[in-house]
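Trainee: Mind having a look at this structure? Questions to follow.
We did not get these values from a lab; they are worked out from the coordinates using the rules stated. Everything numeric here is computed off the predicted structure, so don't read it as measured data. Note: ideal-geometry Cβ built from the backbone for every residue, glycine included; neighbour counts use all protein chains shown.
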Amino acid sequence: MIDVKFLRDNPDVVRASQKGRGEDTTIVDKVLKSDQARRVALNDFERLRAEQNILSKAVASAKGDEKGALLENAKALAKKVKEADSKRAGLEGATKNLVMQISNILDPAAPIGKEEDFVVIEHVGTPRTFDFEAKDHVELGKLLGAIDTERGAKVSGSRSYYLTGSGAMLEFALVNYAIASALKAGFTPVIPPVLVNPPVMEGTGFLGQAAENVYHIEKDGLYLVGTSEVPLAAFHMDEVLPVEKLPIRYAGYSSCFRREAGTYGKDTRGIIRVHQFDKVEMFSFCHPDQAQEEHKRLLQWEKEFLNAMEIPYRVIDVASGDLGSSANRKFDIEAWIPTQNAYREVTSTSNCTEFQARRLNIRYKDGNGTKAVATLNGTLVAIPRMIVAILENHQNADGTVNIPKALQAFLGRDRFELV
């Protein structure tokens with residue numbers, strides 16, 4: 001949630017941000033109108049309550065007929081105070097509901113445009129030239145006994161899969177390497193819940209434009225998370241964090257669930273776009289003044305992970321129209337996928353500034369008072385897509401796959417053999 005005072009003082013900035021995202025700009029004037037009515041109602045309520053306090057003191061010292069008259073006045077005034085308070089509360093709720101519809105303010109450096117208008121920041125590594133016909137990850141998965149999409153579909157429907165044998169072992173190795181890397185960088189490992197209540201899902205910004213991809217368990221009033229960013233963000237909900245301990249960093253490992261609505265016909269082969277997958281997610285609570293530097297650090301940790309996997313990739317600055325509502329800027333890392341002759345997203349990192357923290361009431365306290373913290377997230381490894389990138393980039397002509405050096409100690413071998 002953006003700061004209403006900021007909107008009041010900078011309406012044109014908020015309008016420009018909404019326009020850059022391709023979202024409703026008229027909401028700004030609606031908020032301003034509602035906020036003005038709210039402030040008038042608040043002043044009326046406080047004036048009447050002050051009168052009520054004065055009258056209460058007068059009643060306490062009055063006697064006889066004078067006291068009876070004052071009590072009648074007090075009764076009438078109490079009714080007015082109650083009505084004024086109800087009006088104030090209603091307008092506060094209405095204003096908040098409107099403000100909740102506004103996405104985070106764009107970073108001025110974020111590229112403006114639609115999904116395809118991203119800016120490439122850098123290329124790392126050179127795509128491999130094969131002297132044989134490269135196999136895709138589905139074929140390699142069968143040869144290695146690593147991926148079974150046919151039985152996955154039989155059991156759970158489309159976009160489902162089993163990781164078996166070397167595929168399962170590769171996931172464990174990736175997770176262990178990711179957690180070891182996170183520990184080295186000062187993160188606290190967390191295994192969070194994957195079922196959350198509505199305020200948590202709404203607070204992190206996933207019940208707006210992203211709601212169609214969220215699994216809702218209506219009977220229990222709970223949601224399955226699409227990323228551990230959600231429970232990690234809510235970990236300190238309604239808390240005040242010691243400023244001297246910021247940044248506080250967590251690395252969450254969890255299963256993630258996405259409906260993949262609106263992707264009919266896209267990536268139907270293999271495990272690039274699936275309904276359930278495991279992921280290690282970095283999350284940071286930091287001072288707002290530290291947020292941009294923290295964002296760069298998260299990106300660097302992601303790059304180091306890709307470097308360790310020995311996979312060519314590029315880093316892109318995501319365009320405004322492709323940002324989630326909570327992010328004011330996002331960097332994606334896209335790994336080279338040989339059989340698609342294309343770069344595909346494998347990790348991302350977002351700076352959400354104070355947007356989520358205001359919704360979740362997470363603050364820090366220093367000599368200048370209590371204020372909202374900044375929150376940032378970054379995917380260290382999303383398992384299925386990283387498996388795709390490893391299998392396809394490190395394959396041999398016979399279908400065996402070389403294991404990146406960084407993972408060999410976790411797997412006790414240097415190559416995946418055919419089954």
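Trainee: For the chain, with a Gaussian network of springs between Cα atoms less than 10 Å apart, report the residue from V243, V28, V155 with the top mean-square fluctuation.
Mentor: Among V243, V28, V155, the largest mean-square fluctuation in the Gaussian network model of the chain belongs to V155.
Trainee: Still on this model: Pick from E66, E293, E229 the residue whose mean-square fluctuation is largest in a GNM of the chain, springs joining Cα atoms under 10 Å.
Mentor: E66
Trainee: Okay, next question. For each of L143, L380, L298, L32, count neighbouring Cβ atoms within 10 Å of the residue's Cβ, then give the residues from fewest to most. Let's see the in-between values first.
Mentor: Values: L143 20, L380 28, L298 25, L32 17.
The most exposed by this proxy come first: L32, L143, L298, L380.
Trainee: Now for a separate question. So what's the back-of-envelope 222 nm ellipticity for the chain, counting only DSSP H runs of four-plus at -39500 (n - 2.57) apiece and dividing by all residues, rounded to 500?
Mentor: -13500 deg cm²/dmol, from helical runs alone.
Trainee: Another question, if that's okay. Listing V81, V190 from the residue with the fewest other Cβ atoms within 10 Å to the one with the most, what is the order?
Mentor: Numbers: V81 20, V190 17.
Ordered by Cβ neighbours within 10 Å, fewest first: V190, V81.
Trainee: Now a separate question. Counting Lys and Arg as +1 and Asp and Glu as -1, what is the net charge of the other residues whose Cβ lies under 9 Å from the Cβ of I102? Spell out each step's value before the answer.
Mentor: Details: positive: none; negative: E23, D24.
Net of charged neighbours comes to -2.
Trainee: Can you give the angle from 0 to 90° between the axis of helix 11-21 and the longest principal axis of the chain, with both taken from C-alpha atoms, to the nearest 10?
Mentor: Long axis of 11-21 versus the principal axis of the chain: about 30 degrees.
Trainee: Sorted by packing (mean other beta-carbon atoms within 10 Å per residue), highest first, where do 127-139, 400-412, 52-64 land? Write out the running numbers ahead of the final one.
Mentor: Numbers: 127-139: 14.7, 400-412: 16.6, 52-64: 11.7.
So the peptides 127-139, 400-412, 52-64, ranked by packing, come out 400-412, 127-139, 52-64.
Trainee: Relative contact order for region 44-155: what percent, with Cα pairs under 8 Å and sequence separation of 6 or more?
Mentor: Working: 29 pairs, mean separation 21.1, N = 112.
19 percent.
Trainee: Now for a different question. Using Cβ counts within 10 Å as a stand-in for footprinting exposure, how do K87, K245, K330 rank, fewest first? Walk me through the numbers on the way to the answer.
Mentor: Values: K87 17, K245 9, K330 26.
In increasing order of surrounding Cβ atoms, one gets K245, K87, K330.
Trainee: Please enumerate, by chain and number, the lysines with C-alpha under 18 Å from the C-alpha of K245, excluding those fewer than 8 residues away in the same chain.
Mentor: In chain and number order, the partners are K184, K365, K371.
Trainee: Among (1) 4, 18, 27, 21, 12, 7, 4, 3, 2, 0, 0; (2) 4, 19, 27, 24, 16, 8, 2, 0; (3) 5, 23, 34, 25, 11, 3, 0, find the value of P(r) over Cα pairs in 10 Å bins from 0, in percent that was calculated from the structure presented, and write down its label.
Mentor: (1)
Trainee: Now a separate question. Through the Karplus equation 6.51 cos²θ - 1.76 cosθ + 1.60, θ set to phi - 60°, convert the phi angles of region 179-194 into ³J(HN,Hα) values in whole Hz; use x for Gly and Pro.
Mentor: Each residue of region 179-194 in turn: 5, 4, 5, 5, 4, 4, 8, x, 8, 9, x, 9, 10, x, x, 9 Hz.
Trainee: Using alpha-carbon pairs under 8 Å, 6+ residues apart, how would you state the relative contact order of the chain in percent? Spell out each step's value before the answer.
Mentor: On the way: 792 pairs, mean separation 82.9, N = 419.
20 percent.
Trainee: GNM on the chain, C-alpha springs below 10 Å: top fluctuator among N307, N351, N341?
Mentor: N341
Trainee: Angle between the Cα long axis of helix 64-99 and the longest principal axis of the chain, 0 to 90 degrees, nearest 10?
Mentor: For 64-99 against the chain, the angle is about 20 degrees.
Trainee: With everything on Cα atoms, drop me the angle between helix 27-61 and the longest principal axis of the chain, reported from 0 to 90° to the nearest 10.
Mentor: It works out to around 40 degrees.
Trainee: Remind me, what semi-axes does region 286-407 give for its equivalent ellipsoid, largest first in whole Å, using sqrt of 5 times each Cα gyration tensor eigenvalue? Please list the in-between numbers first.
Mentor: Details: eigenvalues 254, 41, 21 Å².
Output for region 286-407: semi-axes of 36, 14, 10 Å.
Trainee: I would also like to ask the following. Lysine pairs in region 4-99 with Cα distance under 16 Å, only those 8 or more apart or on different chains: how many are there?
Mentor: Here the count comes out as 12.
Trainee: In addition: Tell me, what HN-Hα J-couplings in whole Hz come from the Karplus equation 6.51 cos²θ - 1.76 cosθ + 1.60 at θ = phi - 60° for each residue of region 160-172, using x for Gly and Pro?
Mentor: 10, 6, 10, 9, 10, x, 5, x, 5, 5, 5, 4, 4
Trainee: About the Cα centre of the chain, what is the dipole size in debye to 20, counting +1 per Lys and Arg Cβ and -1 per Asp and Glu Cβ, all else neutral?
Mentor: Numbers: 54 positive and 57 negative charges, 290 e Å.
With only Lys, Arg, Asp and Glu charged at Cβ, the dipole is about 1400 debye.
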